[in-house]
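> Have a look at this one before I ask anything.
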Amino acid sequence: MRVSAADELSRKAMQAEADDRELERKFEDLKSLDMLTGLYNRQYFMRALDDCIDQSSDADSMQAVFYILMDKFMSVRDDIGIVASDQVLGEIAELIKENCSEYDIAARFGDYAFTMLVNGESADTIQEKGEKLRKVIEDHVAQIEGHAVITTASIGVCMLGKHANSAQNILTRVDLACEVARSSGGNQIHTHSTILDDKSDPDHKDEWDEMIRSTIDEGRFYLAFQPIIRLGESTDQCYEVLLRI
């Protein structure tokens, strides 16, 4: 069948439009990715977390956020250099991808920090997933220019719930949980306590006050000292002082 010039022009125009749409889709995908690791970037993760919060009431499973911070990674970077340390981060990102289900979302959140939006049947299964990921990272040996590099990670966990109901709110809680894990020696998981959230609710003010008073009376508070390393020439010894239970 003979094709008219008008039909051929129409076909080419439709093909060009389809090519433009595909190019636009690929460009949007690239804007959502971290170029070094191939994971999603911070901006995409925050949007995905907002969407998950909006839909959480309809979800059949529980959701949580992991904040994964590589332990002492500045020292690793100083030892092996920026390029080699980027290779290590790339390998860690691959481990994170391999431990994501089809419903999870993983992102590079900072220089050497990652986040995951994870789904599970219960809080216990989510905790098990975090522990498995921590162990996988601990057991991984990166071969860099003939040298073996072993890294560990501190992981903070925050379950989505009635108090953790905004992206910024959740990130604040999960970051604090990760800091507890890191400052307690690293290479461990700490889950944000929903009990503290309930206690901080105005309806539970008297219970919260009583818990603080009993903790003081029983002497369960203690001071923890975290060294602050100066990069300059000062020889002064400085510490961050933390009050813990």
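> Ranked highest first by the average count of other Cβ atoms within 10 Å around their residues, in what order do 36-43, 84-91 fall? Walk me through the numbers before you get to the answer.
Numbers: 36-43: 17.0, 84-91: 18.5.
Ranked from most to least packed, the peptides come out as 84-91, 36-43.
> Using the Karplus equation 6.51 cos²θ - 1.76 cosθ + 1.60 (θ = phi - 60°), what ³J(HN,Hα) coupling, rounded to whole Hz, does each residue of the range 133-147 give in order, writing x for Gly and Pro?
Per residue, the Karplus-derived 3J(HN,Hα) values read 5, 4, 5, 4, 5, 4, 7, 6, 10, 8, 9, 10, 6, x, 10 Hz.
> For residue 139 and residue 47 in one chain, what is 0.36 nm times their gap in residues minus the Cα-Cα distance, to one decimal in nm?
Values: separation 92, 0.36 × 92 = 33.12 nm, distance 3.22 nm.
Answer, rounded to one decimal: 29.9 nm.
> Apply 1/(1 + (r/R0)^6) to the Cβ-Cβ distance of residue 83 and residue 223, taking R0 = 45 Å, and write down the FRET efficiency to the nearest 0.05.
Numbers: r = 41 Å, r/R0 = 0.91.
So the FRET efficiency works out to roughly 0.65.
> Sticking with this one: Send over the semi-axes of the range 39-195's equivalent ellipsoid, whole angstrom and largest first, taken as the square roots of 5 times the C-alpha gyration tensor eigenvalues. Could the numbers behind the result be given before it?
Numbers: eigenvalues 149, 46, 39 Å².
Its equivalent ellipsoid spans semi-axes of 27, 15, 14 Å.
> Once both labels are modelled 7 Å past Cα along the beta-carbon direction, what's the residue 74-residue 237 spacing in nm?
The answer from the label model is 1.9 nm.
> What FRET efficiency comes out for residue 97 versus residue 121 if R0 is 22 angstrom and r is the Cβ-Cβ distance? Round to the nearest 0.05. Could the numbers behind the result be given before it?
Details: r = 22 Å, r/R0 = 0.98.
Once rounded, the FRET efficiency stands at 0.55.
Any read-out appearing in this document is the output of simple, stated calculations on the displayed coordinates, not a laboratory observation. Remember, predicted model here, so these are calculated numbers, not experimental data. All Cβ positions, even for glycine, are placed from backbone atoms using ideal geometry, and neighbour counts span all protein chains on display.
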